[in-house]
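The values are calculated or read from the model by the stated rules, or taken from the named source; none is laboratory data. From a predicted model like this one, the values you see are computed outputs, not experimental measurements. Positions of Cβ are generated from backbone atoms using ideal geometry, with glycine treated the same way; all protein chains shown enter the neighbour counts. Heavy atoms of the whole protein, side chains included, go into the accessibility calculation; ligands, DNA and RNA do not. Shrake-Rupley method; radii C 1.70, N 1.55, O 1.52, S 1.80 Å.
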Amino acid sequence: MSTVVETDVLIVGSGPAGASAALALSTYGVPNLVVTRYASLADTPRAHITNQRTMEVLRDLGVEQEVVAQATPQHLMGNTTFCTSLAGEELGRVRSWGNDPLVQAEHELASPTRMCDMPQHLMEPVLVDAAVARGTRLRFETEYLSHTQDADGVTATVRDRLRGDTYEIRAKYLIGADGGRSKVAADAGLPMGGQMGVAGSVNIVFEADLTKYTAHRPSTLYWVLAPGATVGGIGAGLVRCVRPWTEWLIVWGYDVTAGAPDLTTAYAESVVRKLVGDDDIPVTIKSSSAWTVNEMYAERYANGRVFCAGDAVHRHPPSNGLGSNTSIQDAYNLAWKLKLVLDGTAGPALLDSYTAERAPVGRQIVTRANQSIRETAPVFEALDGLSPQTPEQLWANIAARKDATEAAEKQRDRLREAIAFKVYEFNAHGVDLNQRYPAESSAAIVPDGTPDPGFDRDPELHHQPSSRPGARLPHAWITSGTRTLSTLDTVGRGRFTLLTGIGGEDWVCAAEAQDVEIATVVIGPGQEYEDPYGDWARLREITDTGALLVRPDGFVAFRHASAAPDAGELLADALRRILGHA
Ligand code: FDA
């Protein structure tokens with residue numbers, strides 16, 4: 001062991017969490033180095049649903065358009081279809097991922113971005129290319145082995161898998177973004193609650209032109225209720241579109257107590273034939289891999305100078321499509337804090353807010369994703385398909401729903417209701433956008449004395465904008481000259497932003513007088529920004545003369561309803577608390 005490589009932030013892992021941490025840090029000018037175990041980025045599709053909040057993050061990091069250009073657009077994602085096989089009988093559909101007209105309106109009102117389907121093997125190169133172009137140093141085939149930390153930094157030992165030797169990397173901070181078997185999290189002693197290996201699943205990636213079974217009901221997910229589909233897995237057989245309508249990924253369960261099946265091509269093809277239901281269509285198997293459904297989350301995301309993000313601290317099934325979304329959002333929450341601590345603007349206490357803000361989100365999404373699996377059971381129950389039975393019995397139960405009897409009508413009602421209930425998995429807009437970081441637990445949020453208004457509607461299904469400290473800045477379309485932009489476009493880029501209106505000059509002066517960089521945005525007639533639709537005035541929950549201080553990650557940190565003679569002091573106090581100087 002000879003060389004010691006130095007950097008500010010060492011990132012272990014180049015998945016969605018590590019790649020987006022690198023991208024954000026490089027965007028903010030923080031030197032960082034990524035080590036990743038394999039010779040390439042993800043080579044299978046894996047995570048894919050990309051929600052509006054993640055698209056907002058990518059918009060701020062300047063790669064939204066690259067993602068949109070490669071992703072399957074929202075309108076092709078949205079008919080989650082339940083069937084006996086793609087060629088078989090259809091049992092019902094749920095309008096999904098913002099494609100229900102009412103939900104679509106809520107999506108359009110909530111964000112300047114659209115959700116899309118961006119498979120992980122396409123997403124990672126976008127993030128990593130941009131990160132490297134902005135300064136990230138990246139080492140493939142480099143495995144993290146261990147670390148020690150002291151008062152000034154972290155020393156990690158890594159192994160160059162090409163040469164076989166080890167060397168040390170000295171960093172001021174270490175980010176463990178090394179996925180569901182995180183060694184960094186284990187070495188840092190981050191306690192995990194829950195259970196690994198709750199159920200067994202197999203992913204099979206294949207090519208087949210399935211246009212005739214899918215293009216008329218475009219969807220990201222086709223759920224198959226077939227004999228054996230309730231064993232292990234994620235609630236039913238799943239045929240997932242990777243590229244419309246020729247590239248696919250099947251998820252099929254196995255009994256975890258019996259161990260993973262032998263993943264031969266013949267096995268993979270038999271599963272594909274069962275779920276597609278057409279023995280004649282040409283199929284090319286590209287890969288098969290086994291994985292387990294996990295229900296685990298860490299209570300703490302950091303230990304000293306070591307921070308973990310993504311699957312390293314929350315492990316859950318793909319239901320609701322929360323995996324890479326939450327991982328990217330973890331990294332985005334952490335990156336600006338590291339930047340401000342590293343450049344001396346903030347004290348290390350700011351970093352405590354990372355666990356305080358993100359651990360509850362991790363717990364929430366692990367719980368939701370696993371609950372979504374359980375909520376698929378009533379679809380089978382409606383068809384009396386949960387008890388052990390022969391395939392013939394299952395088909396007879398499914399056929400019975402067509403009878404002209406009272407019992408069959410009840411069965412049809414139960415099936416409709418069970419499928420409709422799956423909106424909690426496929427249209428849970430609130431789960432995507434309603435995160436709130438409470439001032440009671442996070443010092444990076446300043447309470448404004450108002451009571452928590454709660455949610456008017458189901459908080460999992462419906463997004464509710466709020467400008468209360470701890471909420472993400474509400475989106476409204478505003479204008480600047482001939483340009484139309486979102487309020488979210490005025491914030492971000494690694495710096496704080498103060499939003500006010502006519503009569504808010506004291507706030508502007510106060511912001512300009514602070515030691516920390518704060519962009520100022522004045523919205524009103526004749527100002528740099530105008531609110532021609534009145535949307536912002538309806539959403540902002542302050543008066544013209546009030547102010548919102550928005551963090552670099554788009555969350556409101558401080559709110560004051562109106563003008564204040566002591567604006568300078570109020571803002572300075574707020575910043576002292578947020579930046580860990582209080
Ligand atoms: P991720 O696992 O993506 O990345 C971890 C990174 O760390 C990798 O680059 C890895 O090489 C690296 N690494 C690990 N140990 C290391 C070490 N010791 N040294 C150096 N580098 C190391 N989700 C979903 O929503 N739908 C889906 O269908 C699937 N399917 C799926 C299939 C398979 C096979 C997997 C493994 C995962 C999924 N997922 C998924 C989950 C989804 O991929 C996951 O939630 C995100 O990728 C999490 O992103 P992270 O960046 O946290 O970890």
Along the charge dipole of region 465-578, pointing to its positive end and built from +1/-1 on Cβ of Lys, Arg, Asp and Glu, which listed residue (A574, G546, G470) has its Cα farthest out?
G470
Once neighbouring chains are kept in place and the probe is 1.4 Å, which whole percent of the accessible area of region 1-145 is contributed by carbon and sulfur?
51
For region 122-163, which trypsin sites (Lys or Arg not before Pro) are both in a DSSP coil and crowded by at most 15 other Cβ atoms within 10 Å?
R161, R163
Mean separation of Cα contacts under 8 Å (6+ apart) over length of region 50-106, as relative contact order %
24
If I model a spin label as a point 7 Å beyond the Cα along the Cα-Cβ vector, how far apart are those points for A408 and S480 in nm?
6.3
Taking K and R as +1 and D and E as -1, what net charge do the other residues with C-beta under 15 Å from the C-beta of A39 add up to?
0
Just want the answer: with Cβ charges of +1 for Lys and Arg and -1 for Asp and Glu, which residue in V4, T479, G15 is farthest toward the dipole's positive end in the chain?
V4
From the Cα centre of region 335-370 to that of region 219-239, the distance in Å is 35
Hull volume in cubic angstrom per residue (convex hull over the Cα atoms of region 452-509):
148
Quick numbers on the chain, Rg and Dmax over C-alpha atoms in Å, give 25.0, 80
Looking only at lysines whose Cα falls under 22 Å of K410's and that sit 8 or more positions away or on another chain, we get K402, K422
Only Cα pairs under 8 Å and at least 6 apart count here; give the relative contact order of region 377-489 as a rounded whole percent.
19
Below 15 Å, Cα to Cα, which aspartates and glutamates can K286 reach? Residues fewer than 8 away in the same chain don't count.
D43, E207, D209, E247, E269
Can you give the net charge of the other residues whose Cβ lies under 12 Å from the Cβ of G385, counting K and R as +1 and D and E as -1?
0
How high is the relative contact order of the chain, in percent, counting Cα pairs under 8 Å that sit 6 or more residues apart?
15
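Once whole DSSP H runs in the chain are found, which of them have Cα atoms spread over 30 Å or more along the helix axis and a mean Kyte-Doolittle score of at least -1.0? Present the calculation step by step, with values, prior to reporting the outcome.
Numbers: long enough: 352-374 (34 Å, -0.83).
For the chain, where a helix must reach 30 Å along its axis and average at least -1.0, the hits are 352-374.
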Surface accessible to a 1.4 Å probe, per residue, for the residues of the chain, Å²:
39
Could you please report the charge total around A17, scoring K, R as +1 and D, E as -1 over all other residues with beta-carbon less than 10 angstrom from its beta-carbon?
-3
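Could you give the dipole magnitude of region 148-196 about its Cα centre, charging the beta-carbon of Lys and Arg +1 and that of Asp and Glu -1, in debye to the nearest 20?
I would put it at about 200 debye.
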Magnitude of the Cβ-charge dipole (Lys and Arg +1, Asp and Glu -1) of region 465-578 about the Cα centre, nearest 20 debye, reported as 500
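Taking 30 Å as R0, compute the FRET efficiency from the Cβ-Cβ separation of R139 and R243 and round it to 0.05.
The pair R139/R243 has a calculated efficiency of 0.45.
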Please list 219-231, 193-205, 393-405 highest first by mean number of surrounding beta-carbon atoms within 10 Å per residue.
219-231, 193-205, 393-405
Cβ-placed point charges (K, R +1; D, E -1), dipole of the chain about Cα centre in debye, nearest 20
740
